[in-house]
Amino acid sequence: MFARLLSHPLVEEKLELRGGFGFLAFHGGSLERGTDEIAAAAAAAADSSYYGVIMPPEFRWHIPSKRVDPAHSERLQAFLDRVHTVIAVHGYGRAGMFTTVLLGGRHRHLAAHLSAVLRSNLAHYEVRDDLETIPGDLRGLHEDNPVNRPRFGGVQIELPPRIRGMGPYWLGWDPAQPNPHTEALIAALAHAARSWPDPVGST
């Protein structure tokens, strides 16, 4: 499935190798809108590595995370070889959860660290890092999920539409101008990455 997706001529795969902390967004472009821009901007601000898959307009091919296999992508494998810890950026939409940010993935110490940073910077949002309060299909715990493949694993952050600049909340906002919620999120993600201790020394 993942190999077929990457073979599509309009699907883009992006790789930026920098530090040993990394950001992922493999449901980017038109699928989970805004996730690739957020991950790429946070990675650049934190001098972290970045891998993204960008879907073309109106493309809605969702590959389950556990099937995003580095065996089918040299760029994803290069990213995973480079990083030791990651944050995977996803988007979701659920009734009653339009201001709720979810932190899944297996690296629960990083989830607690990220949660504290986000709560300090995103006053308009609820941040959940207790797995029992996160819907089962959004927890990101499968061992084959790319967020859990690096040496120390990572955190899967699920973002509702509003914080990605979507939905009726932003009606009338000039789309050429960055909205303050997304800007605050990017700054918080970058700060969380920069302030996370490097477990393997300088990379």
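Say we look at the range 87-131 and pick out the residues that are closer than 21 Å to Glu32 by Cβ, among the β-branched types (Val, Ile, Thr) and crowded, with 18+ Cβ neighbours inside 10 Å; which of these is nearest to the chain's Cα centre (by Cα)? By that ranking, first place goes to Val89.
I'd like to check something: does the range 38-45 contain any residue that is touching a His at 6+ places or on another chain (Cβ under 7 Å), surrounded by fewer than 21 Cβ atoms within 10 Å (Cβ to Cβ) and not acidic (Asp, Glu)? Explain how you work it out, then say what you get.
Step one: filter the range 38-45 for residues touching a His at 6+ places or on another chain (Cβ under 7 Å), giving none.
For the range 38-45, residues touching a His at 6+ places or on another chain (Cβ under 7 Å), surrounded by fewer than 21 Cβ atoms within 10 Å (Cβ to Cβ) and not acidic (Asp, Glu): absent.
Against the conditions (1) within 14 Å of the chain's Cα centre (by Cα); (2) under 20 Å from Ile163 (Cα atoms), Ser30 satisfies every one except (1).
Restricting attention to the range 9-21, the residues being part of a loop (DSSP other than H, G, I, E, B), in contact with a strand residue (DSSP E or B) (Cβ under 9 Å, 6 or more places away or on another chain) and either of a type outside the set (Val, Ile, Thr) or within 13 Å of Ala44 (Cα to Cα) (or both) number 5.
Yes or no: the range 58-72 includes at least one residue that is of a type in the set (Ser, Thr, Tyr), under 17 Å from the mean Cα position of the chain (by Cα) and surrounded by 17 or more Cβ atoms within 10 Å (Cβ to Cβ).
Residues of the range 58-72 that are of a type in the set (Ser, Thr, Tyr), as a first pass: 65.
Next cut, under 17 Å from the mean Cα position of the chain (by Cα) only: 65.
From what's left, surrounded by 17 or more Cβ atoms within 10 Å (Cβ to Cβ): 65.
Yes.
Looking at Leu171, Leu189, just one residue is aliphatic (A, V, I, L, M) and either more than 19 Å from Ser115 (Cα to Cα) or more than 13 Å from the chain's Cα centre (by Cα) (or both), and that residue is Leu171.
In the range 136-149, the residues that are surrounded by 20 or more Cβ atoms within 10 Å (Cβ to Cβ) reach residues that are part of a loop (DSSP other than H, G, I, E, B) and among the aliphatic types (A, V, I, L, M) with C-beta atoms within less than 9 angstrom, at least six apart or across chains, in these pairs: Gly140/Ile134; Asn145/Val68; Pro146/Val68; Asn148/Leu141.
Does at least one position in the range 144-163 carry a residue that is under 17 Å from the mean Cα position of the chain (by Cα), in a helix (DSSP H, G or I) and over 30 Å from Pro199 (Cα atoms)? Explain how you work it out, then say what you get.
Pass one, the range 144-163, residues under 17 Å from the mean Cα position of the chain (by Cα): 144-150, 152-163.
Adding the requirement that they be in a helix (DSSP H, G or I) leaves 146-148, 162-163.
This time we only want the ones that are over 30 Å from Pro199 (Cα atoms), so: 162-163.
Yes, that holds for at least one residue.
Laboratory data are not the source of any read-out in this text; all were calculated from the coordinates shown. Every value quoted in this text rests on a predicted model; they were computed, and no experiment measured them. Don't worry about glycine lacking a Cβ; one is built from the backbone with ideal geometry, like all the others, and counts go over all protein chains shown.
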